Structures are given as structure tokens and as C-alpha cells.
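Working notes, structure below.
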Amino acid sequence: MAKLLRLTYRITLLMISLFAGTLALQAQSDSSTLYGVLLDPTGTVIPDFPIVLNGKTKTYTSSKGEWQFRVRSRTNCELKVDYYGTVYTRRLKSPKKDQRLKVRFNIGYATLTAAEKTVIKRDPPSIVLIKPKDVVEFPQIQIEDVLSKIGLGVQRRNELSSSYNVRGGNFDENLIYINDIEVYRPFLARSGQQEGLSFINPYMTNSVSFSSGGFAARYGDKLSSVLDVQYNKPRDFSGSVELSLLGASFHVQDQPDTLGRFSYVMGARYRTLQYLLGTLDVSGDYRPRFADFQGLFGYRLNSAWTVNWFSTYAQNQYVVEPQSRETNFGTVQQAVRLFVAFAGAERIEYETFLNALSFEYKPNDSTTFKWINSSFNSEELEHFTIEGGYRLEELENNLGSDNFAEARALLGIGYFINNARNDLNINVLNSKVLTRLRRGKHEWEAGFKVQTEDITDNLKEWNYNDSAGYRKNFLEHPPYEIHLDDYIRTANTLSSIRYMGYVQDDIKVHKPSNAKLSLGVRANYWNLNNELLISPRGRFSFEPNKKHNDAIQERKLDMYAALAIEEDNDSIINAEYEKISARFDSLKKIDIVVKAAAGVYGQPPFYRELRNPEGILNTNLQAQQSYHFVVGSDILFRAWNRPFRFINEAYYKHMTNLVPYTINNVRLRYDAVNSSRGYAYGLDARVNGEFISGIESWVNLSILSTKENITYINENGQEVETGFIKRPTDQRVNFSILFQDELPLDTSFKMQLNLVVGSKMPYYFNGPFRYSENYSLPAYRRVDLGFSKQVKKFTKKDENGGRLSSLWMSLEVFNILQVNNVASYLWVRDLNNNIYGVPNYLTGRRLNFKVIARF
């Protein structure tokens, strides 16, 4: 089956390449070029700024403010520039075939018309928009390291993993879409270093929208959040190359034919964590190898029809032969050392295929129909046999002793074997139809989706532990009995069909206050448990001071225009601009958007939730339910004469039908019963803006409390409740900073700071220990620091640079404070059968050198 899938995939790639080449050759050449330079009011070029052609096609100016479009000859064109809230428009006719027309496009106030005077646009309510190109140069191991510090209410405690928690939820409660296609995390991963590459390729990404709760009905059925990623739609040739001690990546994109019909964006990545894993307590032979390829190919059949093909292949392999481990832990009163000698090996593999074909029909700007068909296949393998003998020692803690930090007493010795032969195959096929209609104040949206799932799971794993005085044989003479711990052997197959649909209406309620109302409802039916979910959702936002501020803005722009007409001296104009701006800005009221959202969010179980710790499936498991209530505001303000933005949201989530679970590193193990109810409430706040002039930075603070009441059967066979105890993701405080700075005398030298501090979290393990708060993970603290230098900026006419547009070199210092953050615990016994939790630490301090070339 695997060989057939690989062959099919290679044939598919070959067909795509042939198809792309044919389209490029057949493309007509009846085209011309519009080009120009974008200048600000002072006559300075504006680099890396968007210009839109005919309301659809977008390009960005070069480092010298230059831009160009390939268009049909002798056609009407409209160019628009949204310059920090003010929209400038040029209407013209393109020149004859193979000719170039230079368009003068200065940003100046004298050319404004009443219809073009607008104010800055904000993100939709409950949505945070992220531009990956703004954060890709931050020190990071996964792109989620940076994205999680911009989105509200996001917590991450493992830099090796792409997983994250949102407002008290777990990793499985987050939706991730790439170009309207849902993607999935690995299922068998036990630790972050096994997960491999994040699905998101930041160099191929155009925009990322993130919502921490109260999201619209168009998005699917999960309890916590949605991450909506849109890949690039290129208009000209460009690409990037990244090389570092952690791996390499390459991406290229283009619209090669002259009529702009065919476009592609492709990327390949390779990563190895061998360098980072050398900082772990377990020494051994690490051989991690992660690679993937992604491609998005589009062809515009005519002015209304477009076909897109999205294809990915990922192969993640993690092999390790551990040799030994030495970990010091404990307190000042009792310091303890664990030494383990290992034998054996561990091999984890994930092979993932995703293919999607979509057809889009857009006859006009107000009507869109889209049909998306996709297939997802994941083959996961987890094979290991590792044995070890350990020695647990108490260390000398007397500072005056000659044997300080040396062993002074033997606490225990033991032996263990961990064995697993687990194989999982998942096939998900779906087809969905989406439609959007804009009529007057209403923007209707509806969708329907059918999804089939076929899963085969062969699970075989066991553990054997023996410490002196703990494990005993039950027979005095051969053959001796060996009693295994946690023996699991199951073979599960599951086939099911899901039906999903939604209807949503976005209404412009009141234009002067920009009041908007979004109402929608989702439906979800799963034939496995015959459960039908109905999920109504709504959002509302308005700007109470918009009318007043718009009037002030009108008066200010009128004075700008009058000044530009009367005065020719640029220095005088600039000085008067500042005086006018300061005077009128002082008359404005607070620039604020007030927003609220509420809705029902049900999460039907996927395979992981159905399987209990013994490997048995509960096919009658019902969907978990969460009722969201969110209020907040979005404030634009100026400080130090620079722009800033303050976003805050308070929320409450009432949850029913919850499935209790435990977390060990990144491995989730569910009880597979709806035996819990709970709640979460908290406050999220973010300030972002130019703390340093011209450079954006972000500061996030989250406060959270989440608890649940679990019903279970105790050792006496009685049904009892725990009372409300902390959920495994209850991290009370989380604070993060993404900060940038540069040298005043040489702005090509930059510094990037990535800081996160999170309070402690409860830690549970299976069995009766799950029902009481006995253990916790210590606070998480990490600082990553990056120093980058833009070696040179190139232009397309620079003969020495060739096609290069920029070249960056970076030195990154991961975990610069060398903090031993804890991912999980290893449980061992001493001679008296006392249990010790030995911390499994995450990575230590490491340097990384990185080069980024863009062309």
C-alpha cells in the first residue's frame, strides 16, 4: 500500500509539472506592462508596500519603491494604494502589445477627493492578522514559536513541538487550515523532538488569521481556536533560500505566462534537530531527519474560473540509540541524582500525503463559488525496544564538605524495558462546496462538506519495571513468571462518514459607527455515534467615536491639501504638517472598536479521543461542548509620536461532556468517556507597535483559570466526583515579548528578542492519581536572542547581485539563560518503594547561524 501511494504521488507530481509546462507554453503573449515608483508626501520612495490592480491582483514595491504589473493590452485598469487609511486611485488604459507605460503615483494630499478619504482598517472582530514576513527573522525552532506570541491566549511550553494550547484547551482543540483545507497533527508522537516539521511553510505564506475563541460559523467544529493560513498568489518571480545549523529551506514562486493565467509557489524544507538534541540529559546517537515538499499551482481559465492544485508530501524520521542519562534534581534540602545506562533503539516515522483540487467561480466581486476536494493520508510507525539499569543517589548538600555534590547515599537501583510496535494508518477524503454572496448590507456565506475516514491501528506495547524489593517472581522454581506493566495489544479499524454545513450572514448594521453583526449556525452529523450537533454563533462590533474622528480627519486632510497647493518649500510643508497633525489629533476621541462574540462550539471525537489508555475504542463517545462568551476592545493610539495598538479580550467558557485526559510531554491520553464538566475564564491583552521607530514589536499577557469536575468510579465501586480541580492546561499567567531593535547609525544591524514566562501547570498521570492535584510542572522561562545583519540589498539591475533582492546573516542564541525547563517526568522507585519524579528537561543553550537570501 505504501509503495502504491508513493508511486501515485510521484506520477501526480509529474503530471502537474507537464500540465504547468503546457499551460505556460500555450499562454498568449498579448500583454503589456504597467510600472512605476511609489513616493510618500516628502518624495521618499516607499518600499515593500502593496499596490492593488483592479481590486484583485496585488504586488509589493521593491526596496526602491518600484512596482510593475503584466496586463492585457488596451484594457481599462484601476490602481489603488491604501496609505495608512487613505486610499489613492488611478484609472488608466494599458498600452499596446509589448509596450511599457510608466505611471506617476505620488502619495500627496493635494490629489485627494472626498470619496478617497478613509480611515485605517482593522482586523475583523475576534481575528488577529499576522504577516509571516514580519516575524520570520525572529529566532525560532518552529514558526509557532513566533505566531503563538502574537495571537491572544496562546501558551507553549515545548520549543521542539508545533503544538500549542489556547485558553485552557489542549493541542487537539485547535483548527488549522491552509487555503481552506484542514490539516492534522501527528497522532503517535510522544515528545516534541519526534514531531518533525510544522505543516506551515512561512516562506510560502501570504497571511495568517488567528482567533482564540468566538470565531465565525464558517470555521469547523473544535473547542478552542482556529488558525487560517493563506499561501502566496504570486504575480512575478521571487523566492528564498535559508541555510542554518538546523537545516535548510528553499521556495520559489512565479506567474510565468504573460497573461497572468498560470501561477505556482513551491517550497522544500529539510531539518535536523541533532545539534539541538545534544543538550538533552540523554546522551546517545540521535539521527532525526525531517523533510517535506509543498506546491500550490493555479490556472485561471478565464475571467471567472480558476483551478488550483495544492499538494504536500512530508517524511519525518526520528531514530535514536540512547546510551546513558544523568539528571540532577530535587531541592536544597535533598538533592538527588539519577544515572541510567541504556541499550536498544527507538524509531519513529511519519509519512504524510495531502492533495487538494479546487475550482473557483467568481463572475463578479460580489459572488464566489468554490468546490474543494482533498485527500489526506498519514502512515505512522512507532517501534522501540529500550532497556536500562538505573541508580538513584542522594547528593551531599553541605557546602563545606569536600564531597559537595557527590553521592553520599544509595537510594535505589532498578531495571526496566520499554517496548512498542505501533502502526497507524489514517485516510481522510472530503469534498466541500462554499459560496459567498454580497447583496447590499449583507454578505451571505454557506458551505457543505462530506468527509470519510478510514483508520487502521495496530497497537502493541508493554513496560517492565523492577527495582530492588519491588518486583518479585511468584514461582520459586523455573519457569519463572514475568509480570509486565501496562501491557496493551489491540487491532482497531474504523470507517465513518461526517456531514457538515453552515450558513452565515455578515451585516453592516450602521455605517457611521461601522457597526457590524455576524450571525451563523453550523450543523455536524457523524454516522458512527449518530449524533447531530447544532452550533449557533454570533459576533458584533462597532466604533463609537468613528463619526467624530472621521470629521476631524476630513478637516485635517483639507488643510493638508490647501498647504500643499499654497507652499512649494518641502521643509516648510513638513514642519506645518506636524503642527496640523498634532492639533487635529488632539481633538479626536479615543479610536476604539468594541466587540463581543458568543456561540456554541462542539467537538465531535476523532480517533485519539475514542481510544482509552488500554487501546479500546468507545464508539458511543459524544461530542465535547463549549459555550463561548467574549468581550473586548481594539484601541489605536500614539505614544512617542509613533503608532500603537492595544487589544484586550475577557472571556468565559462553560464546558460540558468533557473527556478527561493526561499530558505526558506532547502525548495526550484520553479516558474515552464523557465524564467531566468544567469552565475557563480569563483575560488576554496585547500591545504592539513601534517601540523603536519604524520597527514593530509585540507584548502579550494572559491570565487564565480553568477547572473541571470529573465523575469516576473509586476503588469501592462507588460513583464519586472530584470537585472542581485544575485542568492539565491550567497555566495561571503567561507573559511573552517579541521585541526588535536596530543600530541608529546602521539600520542593517538588528536585534530580535523572543521571551516567554509562564507559571507552573498541574501534572497528572493515569489511574487514581488523575483525580487529585498532587504534582505540577514548574514555571516555564525561556529567552531566545537573535542578531542579524543585512549584508546587502540588491536590485534586479545590480549585476553583482544578480536576481538577489536581499541577503541576511543571523546569529541566534537559543535559551540564552540556560534555564532547565521541564517537559515531563520519569517515575522511578527507591529501595523503600517511594516514587520519585525525575524531570525530563528540554533543550539547553545553543548557538545557531542562519543565512537568508531572497530573490
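The table for this structure:
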| read-out | value |
| --- | --- |
| Residue 764 long-range amide H proximity, modeled H, under 5 Å | 663 |
| Violating pairs (Cα-Cα greater than 22 angstrom) within the set 80/792; 707/760; 508/547 | 80/792 |
| Listed peptides 541-549, 773-781 by packing density, highest first (mean Cβ within 10 Å) | 541-549, 773-781 |
| Whole-percent carbon and sulfur share, accessible surface of the range 683-833, 1.4 Å | 57 |
| Approximate spin-label separation residue 851-residue 431, in nm, with each point projected 7 Å along Cα-to-Cβ | 4.9 |
| Fraction of alpha-carbon pairs over 17 Å apart in the range 654-719 - percent | 65 |
| Protein accessible area in the range 275-383, 1.4 Å probe - carbon and sulfur % | 54 |
| Packing-based ranking, highest mean first, of 254-265, 355-366, 229-240, 323-334 given that Cβ atoms within 10 Å are counted | 254-265, 229-240, 355-366, 323-334 |
| Spin-label model distance (nm) - residue 72 vs residue 91, 7 Å beyond Cα toward Cβ | 1.8 |
| Peptides ranked, highest mean first, by Cβ atoms within 10 Å: ranges 746-757, 637-648 | 746-757, 637-648 |
| Average accessible surface area per residue within the range 352-473, 1.4 Å rolling probe, Å² | 47 |
| Flagged links, alpha-carbon separation over 18 Å, of 149/222; 516/595; 233/449; 233/750; 233/362; 546/589 | 149/222; 233/449; 233/750 |
| Gain in span if fully extended, residue 493 to residue 307, counting 0.36 nm per residue against the direct Cα distance | 63.4 nm |
| Contour minus Cα-Cα distance for residue 283 and residue 652 (0.36 nm per residue) | 128.4 nm |
| Note, ³J(HN,Hα) from phi for the range 499-512, Karplus 6.51, -1.76, 1.60, rounded to Hz, x at Gly and Pro | 10, 9, x, 7, 9, 8, 10, 9, 10, 8, 6, 8, 5, x |
| Cα gyration tensor shape of the range 198-280, rounded if a/c is under 1.5, else prolate or oblate by comparing a/b with b/c | oblate |
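The values are calculated or read from the model by the stated rules, or taken from the named source; none is laboratory data. Every value quoted in this text rests on a predicted model; they were computed, and no experiment measured them. When we count neighbours, we look across all protein chains shown, and the Cβ atoms used for this are built from the backbone with ideal geometry, even at glycine. In case anyone asks, the SASA skips ligands and DNA or RNA and just uses the protein heavy atoms, side chains included. Shrake-Rupley method; radii C 1.70, N 1.55, O 1.52, S 1.80 Å.
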